[in-house]
Structure formats: structure tokens, C-alpha cells
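The structure appears right after this line, and notes come after that.
Quick note: the coordinates plus some simple rules give every number you see, no bench work behind them. Since the model is a prediction, treat every value here as computed from it, not as a measurement. All Cβ positions, glycine included, derive from the backbone under ideal geometry; neighbour counts span all protein chains shown.
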Amino acid sequence: MLVNVSEILSSEGKTANRTAALEMTSFQSGLGDFPIKEKSPVELVFANTGKGKASVKGSAVLVFETRCDRCLRSVDTRLELVFDREITAPDAEPSPEADPEEESFFMEGFQFDVEAFVYHEILLSWPMKILCRQDCKGICMKCGKDLNEGECGCDTFVPDPRMAAIKDIFERNKEV
Ligand SMILES: [Zn+2]
Ligand SMILES: [Zn+2]
């Protein structure tokens with residue numbers, strides 16, 4: 001959806017609320033293609049903040065179909081996006097806070113592109129790591145077994161230094 005923001009940008013004190021249904025069905029990035037399972041409407045509040053300037057605030061909730069980075073099990077990733085950005089009119093003096101490169105993602109002249117804006121917000125809040133649970137054991141590097149379901153018996157044993165110390169005590173006692 002495109003929102004014409006020329007009036008908001010040119011009328012001092014003007015505010016406008018918009019609710020947009022998100023069209024995108026998946027989030028595609030360098031990391032992969034993640035289908036969107038659930039999406040709330042995008043709530044937006046535009047408010048003029050001066051000559052040729054406005055703030056865009058709002059929110060949206062999205063649930064993506066993703067996979068655990070360690071065990072590849074499918075997990076839902078829920079993003080609760082909260083927006084707070086500045087936009088400027090194409091003919092306005094660029095404000096020092098505004099990032100023209102960032103704005104070019106979703107501003108086309110006086111048209112505010114909701115899809116492009118939300119895409120950009122998802123990109124900024126995408127998690128560094130997606131885990132099915134914080135202590136996911138991952139898969140065995142040797143046989144590929146999901147280690148959350150139990151040990152696989154592969155020789156990947158790393159001796160626990162505490163156990164090794166106790167074993168030493170036992171062996172020493174035996175010798176006495
Ligand atoms: Zn996992
Ligand atoms: Zn294994």
C-alpha cells in the first residue's frame with residue numbers, strides 16, 4: 001500500500017492514522033526465504049514535525065516460519081515491530097537526523113511505501129540467532145542425529161575436568 005504523505009509533510013501540526021493490511025507473504029533476504037504464518041495489520045501514525053518533515057510511528061506483529069540454527073527443527077519466529085522513523089519531503093532540506101539511504105527504501109517522492117517500510121523494519125530487527133530453545137544441543141557433527149533426542153554414541157566425548165578430578169581421587173585411594 002502506498003500512502004500519499006504530501007499533506008502531512010506540508011501542513012504543520014497535521015497528524016494522520018493509517019491501518020494497512022500487509023501484502024507480503026514471505027520475508028526474503030540474504031539469509032533465506034521465510035514464509036509469514038501470521039501478520040497483524042500495520043498501524044501507522046504520521047505526524048508533521050516541521051517544514052517538510054514528519055515522524056512515522058506504529059507497530060505490527062509478524063510470525064515467520066524459520067528453522068533452528070543448531071538442529072534445523074522448524075520454529076516460529078515472532079517479531080513485534082515498533083516503528084519510530086523520520087521522513088522528509090523530497091524537496092525539503094535534508095534534516096541531520098534523517099538517513100537518506102534508509103529513506104530511499106520506502107519513500108518515492110511523496111509516496112510512502114508501507115510494504116517496503118515494513119520489509120526494512122523486519123531486516124533491522126531480524127534475530128542474529130534463531131534457536132528452538134536456549135540450550136538446544138544441535139545435531140551431531142558426525143552422524144547428524146538430533147542430540148536433543150539423546151546421545152548418538154559417536155566418539156565426540158570431551159572429558160569434564162571436574163569428573164576427571166574425582167576419578168583421580170578414586171584411583172589414588174585404590175593404590176593405598
Ligand atoms: Zn534446535
Ligand atoms: Zn553422532
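Couple of notes before you dig in:
- Along segment 131-144 the Karplus relation, 6.51 cos²θ - 1.76 cosθ + 1.60 evaluated at θ = phi - 60°, assigns HN-Hα couplings of 10, 5, 7, 4, 9, 3, 7, x, 10, 5, 5, 8, 10, x Hz to successive residues, with x for each Gly and Pro.
- Extension reserve of the Leu31-Arg78 stretch, reckoned as 0.36 nm per residue once the Cα distance is removed: 15.3 nm
- Sorted ascending by nearby beta carbons within 10 Å, beginning with the fewest, Leu22, Leu31 become Leu31, Leu22.
- Ranked for footprinting exposure by Cβ neighbours inside 10 Å, fewest first, Leu2, Leu79 give Leu2, Leu79.
- A straight Cα-to-Cα reach below 17 Å connects Lys14 with the lysines Lys51, Lys53, Lys57, residues fewer than 8 places away in its own chain not being considered.
- Spin-label model distance (nm) - Glu151 vs Phe105, 7 Å beyond Cα toward Cβ: 4.7 nm
- Simple rule: put +1 on each Lys or Arg Cβ and -1 on each Asp or Glu Cβ in segment 39-102, find the dipole, and look at Gly52, Ala89, Leu72; the Cα lying farthest toward the positive end is Leu72.
- Ordering Ser125, Ser40, Ser74 from the fewest to the most neighbouring beta carbons within 10 Å gives Ser74, Ser125, Ser40.
- Derived scalar couplings ³J(HN,Hα) [segment 8-13; Karplus, 6.51 cos²θ - 1.76 cosθ + 1.60; whole Hz; x for Gly, Pro]: 5, 6, 9, 9, 4, x
- A cut-off of 5 Å between modelled amide H atoms, ignoring neighbours fewer than 5 places along the same chain, links Val75 with Thr66, Arg67, Cys68.
- Loop chymotrypsin sites (Phe, Trp or Tyr not before Pro), segment 110-145 (other Cβ atoms within 10 Å of the site Cβ: 14 or fewer; DSSP): none
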